[in-house]
1. For the range 344-363, which residues satisfy the criterion of being surrounded by fewer than 19 Cβ atoms within 10 Å (Cβ to Cβ), at pLDDT below 95 and charged (D, E, K, R)?
2. If a residue counts only when it is within 17 Å of the chain's Cα centre (by Cα) and of a type in the set (D, E), which strands (runs of 3 or more DSSP E) contained entirely in the range 82-182 have at least 1 such residues?
3. Among the candidates A11, A46, which residue alone is of a type in the set (A, V, I, L, M), surrounded by 13 or more Cβ atoms within 10 Å (Cβ to Cβ), assigned to a helix (DSSP H, G or I) and in contact (Cβ under 8 Å) with a residue 40 or more places away in the chain?
4. Out of all the residues in the range 149-172, which are under 21 Å from G217 (Cα atoms) and β-branched (V, I, T)?
5. Pairs only if they're at least six apart or on different chains, beta carbon under 6 angstrom, first in the range 72-93 and under 17 Å from L234 (Cα atoms), second at pLDDT 95 or above and part of a helix (DSSP H, G or I); list them, first residue then second.
6. Which members of the range 80-120 meet the condition of being among the β-branched types (V, I, T) and crowded, with 21+ Cβ neighbours inside 10 Å?
7. Which numbered condition trips up A375, out of (1) of a type in the set (G, A, S); (2) in a helix (DSSP H, G or I); (3) at pLDDT 95 or above?
Amino acid sequence: MTQRAYFDWNATAPLRPEAREAMVAALALPGNASSGHSEGRVARQAIEKARAQVADLVGAEVKNVTFTSGATEANMLALTPALETVGGKAPRDRLFVSGVEHPSVRSGGRFLADKVETLAVDKDGVVDLVALKAALAKAQRPLVSVMLANNETGVIQPIAAIAEIVHAANGILHVDAVQGAGRIDCDLAALGADLLSLSSHKLGGPQGAGALARRDGIHIAEPLIRGGGQERNLRAGTENVAAIAGFGAAAEAAQSARQADALRMAALRDRFEAALLAQTPAAVIFGANAARLPNTSLFAVPGLKAETAIISFDLNGIAVSSGAACSSGKVQISSVLTAMGVDADLARGAVRVSLGWTTTEADIDLLLNAWMRVASTLLKSHANAA
Ligand code: PMP
């Protein structure tokens, strides 16, 4: 059997052993966390332990972390006109989202479509601060949503600078921190974020869990799911104790290994990119001039089609993706690359390589060997066809 190496960590990461252990223990608990008996209280303790672990990852107060079914739902919970601050209860009148956001943010959450506006980004996909300032003048109480790091390119946004502009305009800032948390610094106060979305499965927790963290003083006046009043009335429904416990354990493990993992991943990623460019000088690495996550590389070569490249990589034992996994299956040009002004033909060939905490030098060897075979076959057939 072909030796395989996994390079699609931005789509989902393998479960960390610490998360698996916490989940197995939680699966043995019989109680409902809302019940007053001992069994219920033990389930409640598992949830509250996880809440403290997730709060710690982002420097939030424990009471300000709400568990959801994932980051898509956390984004929906956050993106509502019904956000209140200590000084202001009037609804947010407009939502501004950057042009490179995940579809769950670009959809506008609970805002009416005509109240949602897209913010321009530069050619590296970084929010244009001058355009941001100008756009915010159109609203009285804006809500702004900008991601910490992009899922396709890994490009990191200048969140602290964005926060300053947003707050000066009487705005609230939501940050989708799904791809940044556990990889780079993600402290709520240091970022200046008011709300922050997280996803368990990008950190090594299970799929189907996430959280919305908020700073003290931000109040969500409209719950997303009404019912039994769980999660302090913000998200009704019996909690998924095992998933939440796994998420908490993963958050703690990600936090403690973060700096060492980031250094190792950046060195491996840089080695891959240097070899890629040496072997294929026509390759373009997107966002290479901006600050990027240590684990992500999105590249294209003129003449290469992403769908065929991915199949060819897969046959050579390598799992990579074409930009956003959420929209794959359909042959679609990445909206992120479109917002960055990348030529449509080049964008069609974009392949994403994303690394994780178990990626090794030997995995990079396999990736580079596979690239040699993929490139020689696919680029040769392109040259013959031309
Ligand atoms: N935001 C970003 C930046 C993402 O990469 C993803 C996952 N593809 C999401 C939100 C959605 O997260 P979840 O899968 O937990 O709903």
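The values are calculated or read from the model by the stated rules, or taken from the named source; none is laboratory data. The shown structure was predicted, so the numbers you read here are calculated from the model rather than taken from an experiment. All Cβ positions, even for glycine, are placed from backbone atoms using ideal geometry, and neighbour counts span all protein chains on display. The protein model used for the area step is the full one, side chains on, heavy atoms only, and it has no ligands, DNA or RNA in it. Shrake-Rupley method; radii C 1.70, N 1.55, O 1.52, S 1.80 Å.
1. Hit for the range 344-363 is D345, nothing else.
2. On the way: elements: 94-98, 116-119, 142-145, 172-176.
Once the strands (runs of 3 or more DSSP E) in the range 82-182 are filtered for at least 1 residues that are within 17 Å of the chain's Cα centre (by Cα) and of a type in the set (D, E), what remains is 172-176.
3. Numbers: A11 fails: assigned to a helix (DSSP H, G or I).
Only one candidate passes the filter, namely A46.
4. The answer is I159, I162, I165, V166, I172.
5. T72/S104; N75/S104; N75/V105
6. So the first thing to find is which residues in the range 80-120 are among the β-branched types (V, I, T), and the list is 80, 85-86, 97, 100, 105, 116, 118.
Result: V97, V100, V105.
7. (3)
Each row is one residue, and each column tells you yes or no for (1) more than 16 Å from the ligand (Cβ to nearest atom); (2) under 19 Å from V241 (Cβ atoms); (3) at pLDDT below 95; (4) polar (S, T, N, Q).
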position	(1), (2), (3), (4)
V42	yes, yes, no, no
T66	no, yes, no, yes
G70	no, yes, no, no
L79	no, no, no, no
